[in-house]
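Undergrad: Please read through the structure below; I'll follow up with questions.
All of the numbers you see were taken from the coordinates with simple rules; none came from a lab. Note that the coordinates shown come from a computational prediction; the quantities given were computed from them, not determined experimentally. A quick note on method: Cβ atoms are made from the backbone with ideal geometry, for glycine too, and the neighbour counts reach across all protein chains shown.
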Amino acid sequence: MHYFNYKNDKLYAEEVSVEELAETYGTPLYIYSHRTLVRHFNAYKDAFAKFPHIICFALKANPNLSILNIFRQLGGGADIVSGGELFRADKAHIPHEKIVYAGVGKTPKEIEYALKKDILMFNVESDQELEMINKIAQKLNLKARIALRVNPDVDPMTHPYISTGLKENKFGIPIESALEHYQFAATLKNIEIVGIHKHIGSQITDLSPYVNALERLLLLIEKLKENGINLKYLDIGGGLGIQYNEETPPTPAELINKILPMCNNLDITLIVEPGRSLVGNAGILVSRVLYTKKGAQEFFIVDAGMNDLMRPSLYKAYHSILPVAIKKRPLVIADIVGPICESGDFLCKKRKMPALFQGELIAVMSAGAYGASMSSNYNSRPMAAEIMVDGNKHYIVKERQTWDSLILGENVLTL
Ligand code: LLP
């Protein structure tokens, strides 16, 4: 569900014409819909109703400060995976008691920063990480709150690159030996055990793996209790899928309504870490056709490349691509490609679509998650501008990068 719709054959972001926005701000251009972001967040919030919970937005999906600020105003926290993400969460004034920190490779510097910020908890992924956190907490004369990230060995049935809860994945601690790891954590003086965490993968469109993984965790929570380890937080991770094409993912309400009855007799605060399902369909990437050409194959060459949206190149991910103005055109089979010097630089391949002409605009849909956040300067291309639409108003939330800023921090070495 989102607020990008056609009116009289022209695409609108809420009440504003996308064509007008492209004229004003240039292309490639990320456009976010404020109304969609609020609606998505409230879908989680309403579903939790009276159960104690924290909705920790996974910053990696889209760390734009204005987006963080919107979720903070609605009561959200943050799921972070780096010192840089903590810095951003801090800049957006996200309360530190609503920040959880995952990731297999937290550096000593990042751990120290997070301890000083007194975040809610570290989602710890190994014994060595536990020891490192303990050592740094001891130096600072603090106690570090931790959860163990448990790998439940469940197949999330998604793309292998974004599946995280199988035993062959690098994430978490194997569920079979989790008790021993908790017991080890309990021996460390500057560690306070407060929770348990899982995250099995992303773009999950079927609830059964989610439920299976949770069942395994609930059994473990029982076992921990029997061994005198009582937890305050159960972090169920993120991962809920969205519609890119013909998927029919469950809604946040369907997910939460399934989970709450399973947790009803636990005296625990639930944490959920949605990324994609909050921001994915709330953003589009608008791009202009630079050239068209036809050889053995029809190509529409646009001004957005794999550096702006990496998902099609990296995962062969499908994004719906719509004309910004609908025209009566014959259907063709074409590739929409970017300006980058790689054959892997495409937004779609062999897609049946109405023909495009030079100068026309396209909208790559569902680009709000893992779009701007995964963009790069490859081919020394400045990163796209990002704007937020709210009703009939629009605001720039990230300036288009300049050529000058491309070389910031570089020195010309003259030997
Ligand atoms: N929590 C943890 C510990 C995670 O690793 C992730 C995502 C999330 C929460 C949020 O998951 P979400 O609700 O967004 O599915 N670049 C890929 C997605 C990678 C996801 C990595 N972890 C893509 O473009 O599809």
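Undergrad: Take each of the peptides 7-19, 244-256, average the number of other beta-carbon atoms within 10 Å over its residues, and list them starting from the highest.
TA: Result, highest mean Cβ count within 10 Å first: 7-19, 244-256.
Undergrad: Now a separate question. Distance check, please: which entries in Lys258/Lys398; Lys139/Lys198; Lys294/Lys327 exceed 32 angstrom between their Cα atoms?
TA: In this structure, Lys258/Lys398 exceed 32 Å between Cα atoms.
Undergrad: Highest first, please rank the peptides 257-269, 168-180 by the mean number of other Cβ atoms sitting within 10 Å of their residues.
TA: Packing order, densest peptide first, comes out as 168-180, 257-269.
Undergrad: Where a ≥ b ≥ c are the square roots of the eigenvalues of the C-alpha gyration tensor, would you call the stretch 281-415 rounded, which needs a/c under 1.5, or, failing that, prolate if a/b is larger than b/c, or oblate?
TA: The shape class here is oblate.
Undergrad: So how do Thr187, Thr292 line up by other beta-carbon neighbours within 10 Å, fewest first?
TA: Starting with the residue having the fewest Cβ neighbours, the order is Thr187, Thr292.
Undergrad: Further question: Rounded, prolate or oblate for the chain? Axes are the square roots of the Cα gyration tensor eigenvalues, ordered a ≥ b ≥ c, and the cut-off for rounded is a/c under 1.5.
TA: In terms of gyration-tensor shape, prolate.
Undergrad: Helix-only mean residue ellipticity at 222 nm, the chain, DSSP H runs n ≥ 4 weighted -39,500 (n - 2.57), per residue, nearest 500. What is it?
TA: Roughly -8000 deg cm²/dmol at 222 nm, from the helical runs in the chain.
Undergrad: Near Ser375, within a Cβ-to-Cβ distance under 11 Å, what is the net charge of the other residues, with Lys and Arg +1 and Asp and Glu -1?
TA: +1
Undergrad: Show me 192-204, 316-328 ranked by packing, highest mean number of other Cβ atoms within 10 Å first.
TA: 192-204, 316-328
Undergrad: Taking the Cβ of Leu65 as the center, what net charge do the other residues with Cβ under 12 Å away carry, scoring Lys and Arg +1 and Asp and Glu -1?
TA: Summing Lys/Arg as +1 and Asp/Glu as -1 gives +1.
Undergrad: Which one, Leu86, Leu21, Leu29, has the greatest fluctuation when you compute a Gaussian network model over the chain with C-alpha springs under 10 angstrom?
TA: Ranking Leu86, Leu21, Leu29 by mean-square fluctuation puts Leu21 first.
Undergrad: Please work out the C-alpha center-to-center distance from the stretch 107-125 to the stretch 290-349 and express it in whole Å.
TA: Answer, in whole Å: 42.
Undergrad: Report, to the nearest 10°, how far helix 252-263 tilts away from the longest principal axis of the Cα atoms in the chain, using its own Cα long axis and a range of 0 to 90°.
TA: It is inclined by approximately 10 degrees.
Undergrad: Could you tell me the distance between the Cα centroids of the stretch 131-203 and the stretch 22-68, to the nearest Å?
TA: 27
Undergrad: Using Cα atoms only, what is the angle between the long axis of helix 127-139 and the major principal axis of the chain, expressed in degrees (0 to 90) to the nearest 10?
TA: 80
Undergrad: Taking the Cα centre of the chain as the origin and placing charges on Cβ (Lys, Arg +1; Asp, Glu -1), which of Ala186, Asn227, Leu148 is farthest toward the positive end of the dipole?
TA: Toward the positive end, the furthest listed residue is Leu148.
Undergrad: Can you tell me the orientation of helix 207-226 relative to the chain, as the angle in degrees between its alpha-carbon axis and the longest Cα principal axis, to the nearest 10?
TA: It is inclined by approximately 20 degrees.
Undergrad: Tell me the net charge near Asp335. Cut-off is 14 Å between Cβ atoms, Asp335 excluded, with +1 for each Lys or Arg and -1 for each Asp or Glu.
TA: Every neighbour counted, the sum reads +4.
Undergrad: Report, in listed order, any pair from Lys7/Lys350; Lys60/Lys393; Lys106/Lys349; Lys106/Lys393 with a Cα-Cα distance greater than 32 Å.
TA: Lys106/Lys349; Lys106/Lys393
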